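These notes concern the structure reproduced below.
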Amino acid sequence: MLTPRWWGINVFLLLSIPFCVFMGSWQLGRFEDRVDSHRDAEARIATDKREAARPLDDLLPVTKATSGKQATASGRYDTQLLVPDRTLDDRDGYYVLTLLRTDTGRALPVVRGWLPGTPDPAEAPAAPTGEVTVTGALQASETPGSNGVSARGGLPEGQTGAISSASLVNLVDYDVYDAWVTLNQGDAGMRAVPATAPGGTGLDLKAFQNLGYTAEWFAFVGFVIFMWFRLLRREVELARDAELGLVPDGDRDGNQDEAPDGEREPERSSPSAV
């Protein structure tokens, strides 16, 4: 235990264990912060729904503070699209998304409701005509491939995988707000789509990655301790075998094995130079 090799092993052990415990605790803290953030965001959604609606432009751009706030806007409904692969209460269905042309020249994506089954334009209720005023929860543009948003392409005409200005500007010939609104009450008998917590506050993939990293760091602590005991056990066994004469001293010291009975192979002289 007092050899330089064991000094190095022991120093590594004493340094690695606190480091792994610190990193594991830090990752666990990150996960707990995300859990608390998720709870606060869910509670804030319920609180925001009881607040008075504010004009849309007063709440832009969408941030964690304004996401979920009640927004109101006026205009005329224009293009209608269907958003497939959306679940509600564990049932498959789709959103009915209609763009509201406002006086600003830009259109606000409005989710008027949810319908079960596969997207069917014939079943989606037509939007009201004339000037309308909508009120609903403000939401940030979605990112394809995250938080359950479909990233598949090749959708039929009249469908979009994500509710985002980047996707919608390719489907219409006018500017679109970098935000969207989900109505508090579903239109034409459709079910209302509840608001979701803003990105970075939910129990998403990153949150569970933090939890996975926590387990890895603490598992590494156990692995280091296991390897230390294994090396120590091997050292003790070699020492015991050497005392019993079962292992030559050269094996314990890391030297080459000697020939049996102390015999050594005679040295061979190299051929004489001509």
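Taking label positions 7 Å along the Cα-Cβ direction at both E157 and D103, the computed distance is 3.5 nm, reported to one decimal.
Within segment 207-247, which residues have the backbone N less than 20 Å from the label spot 7 Å out from N10 along Cα→beta-carbon, could you tell me? Residues passing the 20 Å test: 224-240. Length gained on full extension, E131 to V35, computed as 0.36 nm times the residue gap minus the Cα-Cα distance: 30.3 nm. Once the other residues with Cβ under 12 Å from the Cβ of T79 are scored (Lys, Arg +1; Asp, Glu -1), what is the net sum? Net charge around T79: -1. Amide H to amide H distances under 5 Å link T72 with R54, L56, where only residues 5 or more positions off or on other chains count and H is placed in the peptide plane. Here r is the Cβ-Cβ distance between R91 and V169 and R0 is 51 Å; the resulting FRET efficiency, rounded to 0.05, is 0.95.
Each label was represented as a point 7 Å from its Cα along the Cα-to-Cβ direction; for R54 and A219 these points are 4.6 nm apart. Across segment 17-28, coupling constants 3J(HN,Hα) worked out from phi with the 6.51/-1.76/1.60 Karplus curve, θ = phi - 60°, read 5, x, 5, 5, 5, 5, 5, x, 5, 5, 5, 5 Hz, and Gly and Pro carry x.
Once you sort the root eigenvalues of the Cα gyration tensor of segment 68-196 as a ≥ b ≥ c, which label holds: rounded (a/c under 1.5), prolate (a/b larger than b/c) or oblate (the other case)? In terms of gyration-tensor shape, rounded.
Just so you know, all these numbers are worked out from the coordinates, no wet-lab data involved. Just so you know, these numbers come straight off a predicted model, no measurement behind them. Cβ coordinates were reconstructed from backbone atoms using ideal geometry, including for glycine residues, and neighbour counts include every protein chain displayed.
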